[in-house]
Amino acid sequence: MKFQTLMVIKAVVCLSLGVPILLATTFTYSLFGASLNPGGVFAAREYGASLIGNLLLTWFARNAIESESRRAIILALCVYDAIGFVITLSAQLTGVLGPLGWLAVVIYLFFAIGFGYFLIPQKKAV
């Protein structure tokens, strides 16, 4: 997969989840089997804002050329998604989320592996 393709997919996922979390927080989380108290709604909206930030980063950096800056972006996104994977898997295994929670686990894993792949030095064609 190309770097640009991965970044666009990440942007679309962040748009698809970030906006609903910001605008319909309780409903969106109920789809995943989670209920929220007022403090949870606040934290969830902060997470929605984080997804919008990821959306903007991935969309505007999708054409970044090989550079130290691009590598920093890839590292940050890889770490973000790896941590998200661990947290979401833990929530899923402890029953915090319903069956749809597995989708979030798979999405985080996909992006953690995808961005991790771009951290591996690639051999240049001769």
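Each value in this text was obtained by applying a stated rule to the coordinates, not by laboratory testing. Model, not experiment: these values are computed from the prediction. So basically every Cβ, Gly included, is an ideal-geometry build from the backbone, and we count neighbours across all protein chains shown.
Things to note:
- Here the gap between Leu75 and Ile113, fully extended at 0.36 nm per residue and compared with their Cα-Cα distance, gives a gain of 12.5 nm.
- When Lys124, Lys2 are sorted by how many other C-beta atoms sit within 10 angstrom of their C-beta, beginning with the fewest, the order is Lys124, Lys2.
- Cα gyration tensor, the chain - rounded (a/c under 1.5), prolate or oblate: prolate
- Estimated [θ] at 222 nm from DSSP helical runs (n ≥ 4, -39500 (n - 2.57)) normalised by residues in the chain, nearest 500: -26000 deg cm²/dmol
- Burial ordering of Thr88, Thr5, Thr28, Thr94, fewest other beta-carbon atoms within 10 Å first: Thr94, Thr5, Thr28, Thr88
- Global form of the stretch 26-78, assessed from the alpha-carbon gyration tensor, a/c cut-off 1.5: prolate
- Per residue, the average separation of C-alpha pairs within less than 8 Å and at least 6 apart gives the stretch 56-126 a relative contact order of 38 percent.
- The modelled label-to-label distance between Ile120 and Thr94, using points 7 Å beyond Cα along the C-beta direction, is 3.3 nm.
- Between 0 and 90°, nearest 10: helix 38-60 axis offset from the chain longest Cα axis: 20
- Under the criterion of Cα pairs below 8 Å and six or more residues apart, the relative contact order for the stretch 1-99 equals 37 percent.
- Cα-based helix-to-principal-axis angle, 68-93 vs the chain, degrees rounded to 10: 30
- Only one residue of Leu56, Leu100, Thr5 has its Cα farthest out toward the positive end of the dipole of the chain, where Lys and Arg carry +1 and Asp and Glu -1 on Cβ, and that residue is Thr5.
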